[in-house]
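What follows is a short report on a single structure.
The values are calculated or read from the model by the stated rules, or taken from the named source; none is laboratory data. What you are looking at is a predicted structure, and each value in this text was computed from that prediction instead of being measured. Methodologically, a virtual Cβ is constructed for each residue, glycine included, from the backbone with ideal geometry; neighbour enumeration extends over all protein chains shown. Areas reflect the complete protein model, heavy atoms only, side chains present, ligands, DNA and RNA absent. Shrake-Rupley method; radii C 1.70, N 1.55, O 1.52, S 1.80 Å.
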Amino acid sequence: MYNRRKSRVVRIGGVPIGGDSPITIQSMTNTKTADVAATVAQIKALTDAGCEIVRVTVNTKEAAEGFKQIRRQIDHIPLVADIHFDHHMAIAAIDAGADKIRINPGNIGSLERVKAVADAARKRGIPIRVGVNSGSLEQDLVDKFNGPSAQGLAESALRNVRILEDLDFDNIVISMKASNIPMTLSAHQILAPQVDYPLHIGITEAGTLYSGTIKSTAGLAGLLTQGMGDTLRISLTADPVEEVRAAKELLQSLRLRNFGPEIISCPTCGRTEVDLIPLAEDVRRRIAHITAPISIAIMGCAVNGPGEARECDIGIACGKGSGILFKKGQVVRKIPEADMADVLLEEIEKMIGGE
């Protein structure tokens with residue numbers, strides 16, 4: 001489908017990224033890490049939503065102690081420690097059992113400090129994500145390219161990767177993020193041919209739930225359809241669970257992962273003779289527990305409805321106050337509007353139950 005960029009495999013706890021591994025979904029807690037109970041609860045909520053790797057900030061001694069306690073309670077999902085500036089926090093997180101750490105070697109400080117972090121990660125056998133953001137580029141690269149730029153992002157990432165390689169450390173994941181979509185795309189196009197490390201992709205500071213989801217989808221789809229991206233985070237100013245939901249929908253819509261049913265429903269128009277919008281929403285809510293990869297059509301009129309419904313595993317093509325139920329391309333029966341949701345759900349349960 002898409003010619004995926006070839007990359008080496010890196011393991012985050014028990015989850016492989018890169019190579020032919022599935023593109024994994026990440027998110028990050030927004031609780032205070034020192035608040036262990038709240039952070040553990042949010043990690044569990046993220047896991048329940050389908051998150052596969054969780055990142056936690058470790059920015060203070062209290063956060064480092066909290067991370068240690070969180071690690072003792074969380075063993076069902078890889079934990080990544082997010083580190084900036086203080087190499088002591090990185091080492092503390094590694095010692096506490098982090099499955100990966102995210103740093104920018106350029107803001108950790110001296111080479112000796114970077115070496116200490118690399119040595120600790122090597123000893124524990126965990127990877128380091130070199131995370132470069134447009135908002136924290138090294139000043140010499142900002143000056144060189146007259147501000148944040150795609151070239152600066154790629155050069156910064158490559159520079160910091162070489163620092164680790166020179167320290168005989170190559171268990172690396174790379175990310176380059178900006179809130180500017182063209183800049184992010186161009187940075188990956190520059191860097192990707194030069195390295196074979198897995199790429200963690202995202203559009204940083206994308207915005208609130210609605211606008212941020214659209215912006216992230218626009219940028220990430222651009223990368224994914226070019227074969228770039230081994231793990232991703234959709235960054236939203238919202239409940240982190242919404243990041244996971246959006247990421248699942250994105251990957252499924254691109255046919256890169258399958259997490260459950262896909263609803264194909266029409267946008268409605270003046271030809272629609274039933275109250276289709278609440279019908280589609282009702283079905284969506286009631287199939288949330290289903291993981292079977294089936295396609296469900298909910299169509300509002302006779303123009304495209306029968307054709308779309310026939311192409312799906314199951315569906316309804318609506319007419320005036322009623323609809324025709326299709327299963328595997330065959331007409332089953334006519335259903336009155338009031339019974340559509342219930343009948344459709346019953347038939348879906350039968351289908352996934354093997355009847």
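Note down the accessible area of ASP82, probe 1.4 Å, to the nearest 10 Å².
It works out to around 10 Å².
Pairing the Cα long axis of helix 209-224 with the longest principal axis of the chain, what angle in degrees results, from 0 to 90 and rounded to the nearest 10?
Helix 209-224 sits at roughly 80 degrees to that axis.
Rule-of-thumb check for segment 252-322: C-alpha Rg over 2.2 N^0.38 Å? Don't skip to the end; give the middle numbers.
Working: Rg = 12.3 Å, N = 71, 2.2 N^0.38 = 11.1 Å.
That works out to 1.11 for segment 252-322.
I need to check one value: relative contact order of segment 47-117, counting alpha carbon pairs closer than 8 Å and at least 6 residues apart, in percent. Walk me through the numbers on the way to the answer.
Working: 98 pairs, mean separation 21.7, N = 71.
Answer for segment 47-117 is 31 percent.
Assign unit charges at the C-beta atoms only (+1 for Lys and Arg, -1 for Asp and Glu), then state the dipole size of segment 241-355 relative to its Cα centre in Debye, rounded to the nearest 20.
320 debye
For segment 118-169, with the dipole built from +1 on Lys and Arg beta-carbon atoms and -1 on Asp and Glu ones, taken about the Cα centre, which of LEU153, VAL130, ALA120 lies farthest toward the positive end?
Farthest towards the positive end: ALA120.
What is the extension gain from GLU165 to ALA45, computed as 0.36 nm multiplied by their sequence separation minus the C-alpha to C-alpha distance, in nm to one decimal?
Working: separation 120, 0.36 × 120 = 43.20 nm, distance 3.67 nm.
Net length gain for the segment: 39.5 nm.
Taking Cα pairs under 8 Å and at least six residues apart, what relative contact order does the chain come out at, in percent?
Across the chain, relative contact order equals 13 percent.
How tilted is helix 276-286 with respect to the longest principal axis of the chain? Cα atoms for both, answer in degrees (0 to 90, nearest 10).
60 degrees
At a Förster radius of 22 Å, what calculated FRET efficiency corresponds to the Cβ-Cβ distance of TYR210 and THR268, to the nearest 0.05?
Working: r = 20 Å, r/R0 = 0.90.
With R0 = 22 Å, the Cβ-Cβ based efficiency is 0.65.
Charges only on Cβ, +1 for Lys and Arg, -1 for Asp and Glu: so what's the dipole of the chain about the Cα centre, in debye to the nearest 20?
On the way: 41 positive and 43 negative charges, 108 e Å.
Using Cβ point charges on Lys, Arg, Asp and Glu, the chain gives about 520 debye.
Once you place label points 7 Å from the Cα toward the Cβ at ASP342 and LYS6, how far apart are they in nm?
Result for the modelled spin labels: 5.8 nm.
For segment 225-230, what does the Karplus curve 6.51 cos²θ - 1.76 cosθ + 1.60, with θ = phi - 60°, yield as ³J(HN,Hα) per residue in whole Hz, taken in order and with x for Gly and Pro?
Listing the rounded values in order: 6, 8, x, 9, x, 10 Hz.
Relative to the first principal axis of the alpha-carbon coordinates of the chain, what is the inclination of helix 150-166, with its axis defined by its Cα atoms, in degrees from 0 to 90 and to the nearest 10?
60 degrees
Report, for the chain, the % of DSSP beta bridges that are antiparallel, rounded to 5.
Of those bridges, close to 30 percent are antiparallel.
Can you give me the solvent accessible area of HIS289 with a 1.4 Å probe, rounded to the nearest 10 Å²?
Ignoring ligands and nucleic acids, HIS289 comes out at about 120 Å².
Compute the separation of the alpha-carbon centres of segment 56-132 and segment 275-351 and state it in Å as a whole number.
Cα centres, segment 56-132 to segment 275-351: 49 Å.
Only bridges with both residues in segment 258-351 count here: give the DSSP antiparallel percent, nearest 5.
So the antiparallel bridges amount to about 60 percent of the total.
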